[in-house]
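Heads up, the thing below is written out as structure tokens.
The values are calculated or read from the model by the stated rules, or taken from the named source; none is laboratory data. Because the structure is predicted, anything quoted here is derived from the model rather than measured. So basically every Cβ, Gly included, is an ideal-geometry build from the backbone, and we count neighbours across all protein chains shown. Side chains are part of the model used for accessible areas, which takes the heavy atoms of the whole protein and leaves out ligands, DNA and RNA. Shrake-Rupley method; radii C 1.70, N 1.55, O 1.52, S 1.80 Å.
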Amino acid sequence: MTGSRYAETYAAWERDPENFWREAARGIDWLREPERIFDPAAGVYGRWFPDALCNTCHNALDRHVANGRGAQVAIQYDSPVTGTKRAFTYAELLREVKALALTLRGFGVAKGDRVVIYMPMVPETAVAMLACARIGAIHSVVFGGFAPRELAARIDDAQPKLILSASCGIEPARRVDYKPLLDKAVELAAHKPDAAIVLQRPQGPCDLTAGFDHDWAALREAALARIDAGEESPCEDVLATDPLYVLYTSGTTGKPKGVVRDNGGHMVSLHWSMEAVFGTKAGETFWAASDVGWVVGHSYIVYGPLLKGCTSILFEGKPVGTPDASTYWRVISENGVKVLFTAPTAIRAIRKEDGEGRLPKRFDLSRFAALYLAGERADPDTIRWAEGALDKPVIDHWWQTETGWPVAANPLGLGLLPVKHGSPGVALPGYRVEILDEGGRPLAPGEMGAIAIRLPLPPGALPTLWNADARFRESYLAALPGYYSTSDGGFLDADGYLYVMGRTDDVINVAGHRLSTGEMEEAVASHPLVAECAVIGMRDPLKGEVPCGFVVLKNGAAPEAVEGEVVAIVRDRIGPVAAFRRVVVVDKLPKTRSGKLLRRTMKALAEGEGFDMPATIEDPAAIDLVRQALAR
Ligand code: COA
Ligand code: AMP
């Protein structure tokens, strides 16, 4: 046996979940302590800490400053793409957040109002999130790699009062001008926000639209002067169950799902996970090399590390090319990072450039304790390479936007369990993970089925979708009564280790970015010469998966012309992040006799894999047509 406290901790949770979370809640400062821990009758499946009052920003900033952490670095911004580094202490960050909170209030933003944040990886993005939290406004951050139409869909669903944006983002090979994208989105959206506050970046300032756009720097200066003159910018009291944010994620259809995160459960679970799962204590440095536009950025760039009193790295760059494959190791050594969290794709990209693993050896990684990977399947080969190159534990773990924090992991803070390559570890306290067949019956160890989580979900996991309880029930709870369906398939082994084999719906993971093939199909089908189409995810050695579109054209259309246009449509509608580059024109799509697309067969064909001819196929000749098209 190992010395891990995992088994006893999980057992303690199983014995008395409410007591477990009551204890964990002691890590948070409450304005009104939770007396009731869980109310099974509230919300869709129950609510955590229903009677408590709190403020997330207070817990992330004010209390640390009050407790003597003011001079510690809260956020270390490291931006190789702009050649900038800048540290914000807890006291400095609090001052910035207070100022922006005053500004937001000045625009009439009040508790419960939504604010959309469409920004690159700059410290102001974290300031914006925390300022919303401070005044009880609900932020919705939209990833910069999404196109205007995606942004517009989120604006229409969230109905924000205000938008916060920046003039540009910096990708290694190009500058992304946000302002035209923002203008287009506002034009497309039916809901019109009152105003936008735009951060002008020196790398690419933009023109501001009079009457709608406001200059971030000018507002900041004015608000800082008021703060420095002693004006208060207080934290608003919110219920633990009030929403902190809405984060949109891809589902099966073209309409993204607005995952709601509440204040209380979110704080308790993230605070607990920072130390128990990631082994990172107050005063230590944590780095999630992701983007604030994704859940990883929300939970482990901004909220988790700050709630715990850690230093968080906010990195604007890529694992390779900014300037090279040693960037991650430089950041770790310069900042004494204890734990790095990234996607396996990043490690595959580094490995491609440094196959022998020589670069990490040039840096002092003595304070580095472990590399955590998530966002997509971590192939054992990549894990082994990283273990060899770093000589540190490399830990796969598994969760989703919906859960907000890890479901399964190997918990460093409780003491690592033996690592099993190919498995993201064991279920964490809060989650009873079961493998079920289609009828909802539990399967034995080793048997593959749907990965389901017994209700209720723990604190921090989504209570519902934004303004869409019915959709929440239908998408996640209806298929397996009593459970939350994760839409991932896999199995548990006899030791309780989970193995995640992939999504069972139309979601694919491209470089750790979650995308919907259904949504891409809607975009492809909008081309006037496309008669029918299917988009599948095919294996990719770098990005894990990339989309591949199969299209049947209307009579007489020339394939060459349409291919490029279809690629352009997907980029234009969804965004560059979709990495949609491959279109295969076929004469016929393989379908079942009842007209269902044979996606798995198309995927096997695209990947060059063998497969059994589906018994239900309508026309076996369609297979040869696809094969021929792929060979062209
Ligand atoms: N704003 C605007 N555009 C963005 C963007 C952003 N925030 N993020 C990505 N894009 C664009 C890229 O510029 C690229 O555009 P292009 O088609 O013009 O080249 C496209 O979206 C795809 O980007 P990306 O997925 O980053 O691929 P890449 O080929 O540029 O880089 C890697 C490959 C492996 C370096 C990159 O995918 C990576 O760093 N992966 C790490 C994964 C990760 O952090 N995932 C987050 C979830 S934990
Ligand atoms: P997201 O909501 O963007 O975090 O994506 C969640 C999805 O990513 C999950 O449902 C899985 O399909 C996939 N995923 C995340 N982590 C892992 C992992 N460690 N192994 C396999 N798949 C993962």
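Tabulated data for the structure shown
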item: Among residues of the range 347-375, those that are surrounded by fewer than 22 Cβ atoms within 10 Å (Cβ to Cβ) and within 14 Å of ligand 1 (Cβ to nearest atom), counted; result: 5
item: Criterion violated by Q159 - all others in (1) open to solvent by 10 Å² or more (accessible area, probe 1.4 Å); (2) over 15 Å from L314 (Cα atoms); (3) touching a helix residue (DSSP H, G or I) at 6+ places or on another chain (Cβ under 9 Å); (4) more than 16 Å from ligand 1 (Cβ to nearest atom) satisfied; result: (3)
item: Any chance L307 is more than 16 Å from the chain's Cα centre (by Cα), crowded, with 22+ Cβ neighbours inside 10 Å and touching a residue at least 40 places away in the same chain (Cβ under 8 Å); result: yes
item: Residue, nearest to S487 (Cα to Cα), within the range 362-383, restricted to residues that are in contact (Cβ under 8 Å) with a residue 24 or more places away in the chain and away from ligand 2 (no atom under 16 Å from the Cβ); result: A369
item: Hey, E447 touching a residue at least 60 places away in the same chain (Cβ under 8 Å) and away from ligand 1 (no atom under 16 Å from the Cβ) or not; result: no
item: Which listed residue is buried (at least 21 other Cβ atoms within 10 Å of the Cβ), at pLDDT 95 or above and more than 16 Å from ligand 2 (Cβ to nearest atom), from V268, V259, V339, V295; result: V268
item: Given (1) under 30 Å from G264 (Cα atoms); (2) open to solvent by 30 Å² or more (accessible area, probe 1.4 Å), index of the condition A409 fails; result: (2)
item: Residues located in the range 441-475, provided they are among the hydrophobic types (A, V, I, L, M, F, W, C), open to solvent by 30 Å² or more (accessible area, probe 1.4 Å) and part of a loop (DSSP other than H, G, I, E, B); result: L443, A444, M448, L455, W466
item: Count of the range 5-21 residues which are surrounded by 18 or more Cβ atoms within 10 Å (Cβ to Cβ) and either touching a Lys or Arg at 6+ places or on another chain (Cβ under 7 Å) or of a type outside the set (A, V, I, L, M, F, W, C) (or both); result: 4
item: Residue match in the range 66-74 (condition: assigned by TED's automatic domain parsing to the domain that holds M121 and closer than 20 Å to V238 by Cβ); result: yes
item: Residue within the range 221-236 that is within 22 Å of R514 (Cβ to Cβ) and either open to solvent by 10 Å² or more (accessible area, probe 1.4 Å) or not in a loop (DSSP other than H, G, I, E, B) (or both) present; result: no
item: Filter result for Y431 (closer than 21 Å to A24 by Cβ and of a type in the set (S, T, Y)); result: yes
